[in-house]
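For reference, the structure discussed in these notes is given below.
Values in this text are rule-based calculations from the coordinates and carry no lab data. This one's a predicted model, so the numbers in the text were calculated from it and none came from an experiment. Reconstructed Cβ throughout: ideal geometry from the backbone, glycine too, with neighbour counts over all protein chains shown.
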Amino acid sequence: GKVIAVQADHAQPERSAPSVLEACRRCGLWEHATHGVPGEGPARARMMLLGEQPGDYEDLAGRVFVGPAGQILDQALQRAGIERNALYLSNAVKHFKWKARGKQRLHVSPSQAEVQACGYWLQEELARLEPAVIVTLGATALSALLGPERRLAEYLAKPFLWGQTWVIATWHPSYALRVGNAARREEIVSSIAQVLQMGWQRAA
Ligand code: URA
């Protein structure tokens with residue numbers, strides 16, 4: 001049961017209990033996913049980045065933020081002067097939700113019920129890591145912490161205390177991939193970088 005899962009985590013400090021996550025049946029998303037994608041990072045990381053769910057690449061690799069959104073995130077981290085491997089990276093939902101379009105697998109946003117079901121894993125990570133700062137990427141990550149009905153626009157780049165933890169919300173990096181306009185894309189990446197820097201200062 002739960003005790004065994006915690007022991008497995010400690011034996012493998014860089015990744016959180018992947019085998020236990022693979023066995024998760026708390027919602028239906030496991031059925032069409034390749035891997036459950038666990039959070040990743042140092043066991044003593046002070047700052048957590050929280051995304052939405054694995055994408056196509058992450059599902060195949062079983063690792064967080066290795067696809068196009070991860071590249072945008074890396075750009076923002078580089079601008080902020082933060083090493084990715086100093087952070088703990090995870091997602092609100094651990095399995096990829098998608099629909100087929102030809103041979104492509106298109107991202108589908110997780111439902112609130114799926115976010116809630118996966119809260120089991122997020123709570124486990126938070127309890128283990130006790131991060132000083134969480135940077136939420138996009139609306140799903142914010143609502144995974146605060147519940148639905150939260151408007152991302154009202155929280156963007158405004159740090160607030162959530163229990164003992166500072167939370168700062170920013171855009172999801174994939175938002176930059178969806179805007180055609182290069183100047184707007186640039187603005188999004190730089191505002192993500194600014195929030196990462198704000199978080200990093202508070203985590204110091
Ligand atoms: N988008 C996310 O939210 N998380 C990932 O790991 C990859 C893409």
Inset, instruction - Give the distance, in whole Å, between the Cα centre of the range 173-204 and the Cα centre of the range 104-141. - result: 19 Å
Inset, instruction - Mean Kyte-Doolittle of at least -1.0 plus a Cα span of 30 Å or more along the axis: flag which DSSP H helices in the chain meet both, please. - result: 182-203
Legend entry - Dipole of the chain [Lys/Arg +1, Asp/Glu -1 at C-beta], most positive-end residue of A100, G163, Q201: A100
Inset, instruction - Quickly estimate the mean residue ellipticity at 222 nm for the chain, helices only: each DSSP H run with n ≥ 4 gives -39500 (n - 2.57), and the total goes over all residues, rounded to 500. - result: -13500 deg cm²/dmol
Inset, instruction - Mind giving me the nanometre distance, one decimal, between the label points for Q194 and Y120, set 7 Å out from Cα along Cα→Cβ? - result: 4.0 nm
Inset, instruction - Sort M47, M198 so the one with the fewest other Cβ atoms within 10 Å of its own Cβ comes first. - result: M198, M47
Inset, instruction - Can you tell me which of 37-43, 188-194 comes out highest on packing, and rank the rest after it, using the mean Cβ neighbours within 10 Å? - result: 37-43, 188-194
Inset, instruction - Could you size up the charge dipole of the range 2-203 around its Cα centre, putting +1 on the beta carbon of Lys and Arg and -1 on that of Asp and Glu, and report it in debye to the nearest 20? - result: 300 debye
Inset, instruction - Taking the Cα centre of the range 37-120 as origin, work out the dipole magnitude from +1 charges on Lys and Arg Cβ and -1 charges on Asp and Glu Cβ, in debye rounded to 20. - result: 100 debye
Legend entry - Among beta bridges that DSSP assigns inside the range 48-204, antiparallel share in %, nearest 5: 35 percent
Inset, instruction - State the extension gain, in nm to one decimal, for the chain segment bounded by R84 and W162, taking 0.36 nm per residue of separation less the distance between their alpha-carbons. - result: 25.7 nm
Inset, instruction - Mind telling me which of T170, T140, T34 comes out most flexible in a GNM of the chain, alpha-carbon contacts under 10 Å? - result: T34
Inset, instruction - Grab the Cα-Cα distance for R150 and N181, subtract it from 0.36 nm times how many residues apart they are, and report the gain in nm with one decimal. - result: 8.4 nm
Inset, instruction - Indicate the gyration tensor shape class of the range 143-204 (rounded, prolate or oblate), computed on the Cα atoms with a ≥ b ≥ c the square roots of the eigenvalues: a/c under 1.5 is rounded; otherwise a/b larger than b/c is prolate and the rest oblate. - result: oblate
